[in-house]
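Note sheet for the following structure.
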Amino acid sequence: ADQQRPPGQPRRTWQFPDINQELVEVDMTSDGRPMYADVQLWIGPDWTPMTMKTYSYDGYKRPLKCIIGTRNKQATIEVKNTGSYELPITCTAAYAKPPFSDLRNELPSKVEGAYVEGGGAVHSVTFDPTVEQAQILLKTDLRQLNAKVEVLNAPNNYKQTFEIFTNNGVLNSLYVVVDTPQASNTVRVRNIAPLEFPFRAYISEV
């Protein structure tokens, strides 16, 4: 994986030309300061079928680790640092390999998915302090996915957030792994799409 370090505002892109591979792993960390970034999937010159806004209060203790589907097409992943110039981040992007690439596919068989209706419905899972990592998968039945994920370790104390929009929540389901240090952590997902666009949320420890 090619490692790049965008300072505040600049963007970096990675090319993924192999149509026989479908999953890209994106990892993002900082030196302990807050981390703000936008991640986009580009297919072709003018189509962006997936965008994700991310935040972490501490990119060292709570890095980002996610899988993005390329739809088996020639694709580009862009990461844009939306924080200030004093908040650099370190990114890597590469085709996903086992065992990490298998986790997304295995999760629905391990935990029951919660049906989350559109129009603002919320689903939460709280983890015991002994849990070190949690995994979150949000997917639809081919319809759009527009959701917000919040990781909290106290009421309204946001440690990480992710907000995704894609026109196809199967081809671009959201799969992220988050570290959960410091006491108990709650993962809260909110469906911010209209009522006719439900999704299923699969959330468990890793």
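Taken together, the values in this text are just the output of simple stated rules run on the coordinates, not laboratory data. Keep in mind the model is a prediction, meaning the values are calculated, not measured. Virtual Cβ from ideal backbone geometry, glycine too; neighbours counted across all protein chains shown.
Taking G113, G59, G169 in turn, the Gaussian network model of the chain (Cα-Cα springs below 10 Å) assigns the largest fluctuation to G113. Among S101, S109, S173, whose mean-square fluctuation peaks in a Gaussian network model of the chain (Cα, cutoff 10 Å)? Of the options given, S109 has the highest mean-square fluctuation. Across segment 56-109, Cα-Cα distances exceeding 18 Å account for 50% of all pairs.
Projected onto planes of every orientation and averaged, the convex hull of the alpha-carbon atoms in segment 1-123 covers 9.1 nm². Summing charges over neighbours of T166, with a neighbour being any other residue whose Cβ is under 12 Å away from its Cβ, gives +2 when K and R count +1 and D and E count -1.
If you take the Cα centroid of segment 43-94 and the Cα centroid of segment 14-36, the two points sit 6 Å apart.
Given the pairs K53/K139; K73/K159; K65/K148; K61/K139; K80/K159, which span a C-alpha to C-alpha distance of over 25 angstrom in this model?
The answer is K73/K159; K61/K139.
With all pairs of separate Cα atoms included, the chain yields a Kirkwood hydrodynamic radius of 17.0 Å. If you run the Gaussian network model on the chain, springs between alpha carbon atoms under 10 Å, then out of V131, V189, V26 the most flexible one is V131.
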